[in-house]
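Structure first, then comments.
The values are calculated or read from the model by the stated rules, or taken from the named source; none is laboratory data. All values derive from a computational prediction rather than experimental measurement. Cβ sites come from the backbone with ideal geometry, for glycine too, and all protein chains shown count toward neighbours. Surface accessibility is based on the protein's heavy atoms, side chains included, excluding ligands, DNA and RNA. Shrake-Rupley method; radii C 1.70, N 1.55, O 1.52, S 1.80 Å.
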Amino acid sequence: MTNNMKKIGMSLLTAFVGGAIAVGAYKLLEDKSFQGMGLDDRQKVYFANNPSSEIISSTGALDFTQAAAAVSPGVVHVRTTYNRSASSGGYADPFGDMFEDFFGRRSRPQSNTPAMGKGSGVIVTGDGYIMTNNHVVEDADKIEVILTDKRVLQAKVIGRDKNTDLALIKIDANNLPIVKLGNSDDVRVGEWVLAVGYPLTLESTVTAGIVSAKARSIGILAQDQINPRDYDPENPPVNSSIESFIQTDAVINRGNSGGALVNAKGELIGINSAIASRSGVYEGYGFAIPVNLAKKVMDDFIKYGEVKRGFIGVTFQELNADVAESLKIKEINGLYVSSTVDGGAAATAGIKKGDIIKKLNGDNVITSSELQEKIGRMRPGDKVQLTVLRDGDLKTFNLTLKGAEANKLASNNSSVASSEIMNTLGATFSPLKDADKKKYGVSSGVIVNSVAPGKAFDMYEVPKGTIITGINGRGVNNTDQVNAALSATKNNMLSIQGITPDGGQFRFTFPVK
């Protein structure tokens, strides 16, 4: 062997040994560097050091093979077990099947055999954090995760949030396949998406469709917050859910709950959560929680052990032609500020009743679900910009969001803030005309202009056209008086009286939280 060949051999050996040492050192540093990082930062480190994991969109040729191959290993089967006391009881669903349950929900057998449930989950960190739905793991006595390599590992719940139907669970494992987090703000109606999960009795399944709509509110989270065993038709609970679903026509069914909705580049844009179906199986409408909201909730669970939410401190009405007419304004797009919480973020910044919210941080805001979802991704102390229309001019205000407790204290109400109650009612009002007061023989009243799905009035079946004559024993003639009456709520019990559209009188009392 010549001296030159020996030198070449030694150089190669040195390079291989040096490379191995570098890789080993990097892995040690990588594990330590993850400590204290949020999900976004963890994933940036991972994918920056693994460029081969980047997927190039191939929608031009309608070929989703790369995206499916990249995502499928990171979507797992979640299997749950429930004892009889938590899973049975023989009660009927008081809401019928307009939205046929969440499609991962367990059955409730009439026997002593433990109930079994199934759903899906998405691995988002290599050390075992998994996103799924709250309703997949709620009340479960045992949670098992079945990986694509057939391993079965027991999982523990890190956090659950009914208001978004999200949960974070964890398994004890390392070097797991990760699904890359995308940006749901960039999702466009009409773009191709894939749904990955474990539907019905099938194994890992991939289906394709398009994004049909964004910022959809369907009222299903409010329905699921009610425990049928404790349900009182006379006193249904109020709703504090955040719904701003991505709607898709990709085929999803029961068992897909908690699974992945990804774009053509293999990036997670949503957690599949619900279907609209009268038959209980796919009928064309599926709904996913935007990943940007999910990331914030998951980070809260990891950092704080609970969800931290910031509040603007306003009540508002979503404008349309009918609402604008009742308010005697010309603007039909935006969110009309009905009231502000004293000392709340909006009032402190200078926002007033009658302002129309048009933009949040420079982005147009048209629907209440858009605003709720974007604010739902923020925490107390976060700063935002609200652009409102006032007297024909656009004005921008800088707000510092406050926590729920601060809003309650600022309202000088030892029970629940009037702004919170107004939002949970889910109705808009306008003054009752003098002619109608004379017709019905009342001295006060406001008429219900609209009812939001899933909110308290919707659950009570209080329809548009209902006349509200009194709240908490006080007569009401306009939204100011409505808010003043709501602030008089004591011991978290709200009393409302009025007249139905067909002329019947009613009075009921229900709890607010």
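Scanning segment 170-202 for residues that are open to solvent by 60 Å² or more (accessible area, probe 1.4 Å) and of a type in the set (Phe, Trp, Tyr) yields a total of 1.
Looking only at segment 343-359, residues that are open to solvent by less than 10 Å² (accessible area, probe 1.4 Å) and either part of a helix (DSSP H, G or I) or farther than 16 Å from ARG390 by Cβ (or both) come to 3 in all.
Within segment 416-451, restricting attention to residues that are part of a loop (DSSP other than H, G, I, E, B), in contact with a helix residue (DSSP H, G or I) (Cβ under 8 Å, 6 or more places away or on another chain) and small (Gly, Ala, Ser), the residue that is modelled with the highest pLDDT is GLY445. Comparison of GLY334, GLY305 shows that the only residue that is under 19 Å from ILE375 (Cα atoms) and of a type outside the set (Phe, Trp, Tyr) is GLY334. Within segment 182-201, residues that are touching a residue at least 12 places away in the same chain (Cβ under 8 Å) and assigned to a helix (DSSP H, G or I) reach partners that are surrounded by 15 or more Cβ atoms within 10 Å (Cβ to Cβ) and of a type in the set (A, V, I, L, M, F, W, C) with beta carbons closer than 7 Å, at six or more positions or on different chains, in the pairs SER184/ILE246; SER184/ILE269; SER184/VAL291. Within segment 478-513, the set of residues being part of a loop (DSSP other than H, G, I, E, B), touching a residue at least 40 places away in the same chain (Cβ under 8 Å) and surrounded by fewer than 16 Cβ atoms within 10 Å (Cβ to Cβ) comprises ASN478, ASN491, ASN492, GLY503, LYS513. Each residue in segment 437-495 was checked for being charged (D, E, K, R), closer than 21 Å to LEU335 by Cα and under 27 Å from the mean Cα position of the chain (by Cα), and 3 pass. Scanning segment 499-507 for residues that are over 28 Å from the mean Cα position of the chain (by Cα), at pLDDT 75 or above and among the aromatic types (Phe, Trp, Tyr) turns up at least one hit. Scanning segment 154-169 for residues that are over 28 Å from GLN372 (Cβ atoms) and open to solvent by 40 Å² or more (accessible area, probe 1.4 Å) yields GLN154, LYS156.
When segment 453-464 is filtered for residues that are over 19 Å from GLY475 (Cβ atoms), out of contact with any strand residue (DSSP E or B) (no Cβ under 6 Å at 6 or more places or on another chain) and at pLDDT 80 or above, only PRO463 remains. When restricted to residues that are open to solvent by less than 70 Å² (accessible area, probe 1.4 Å) and either of a type in the set (A, V, I, L, M) or assigned to a loop (DSSP other than H, G, I, E, B) (or both), segment 319-332 contains 8.
Scanning segment 309-340 for residues that are within 24 Å of the chain's Cα centre (by Cα) and hydrophobic (A, V, I, L, M, F, W, C) yields a total of 7.
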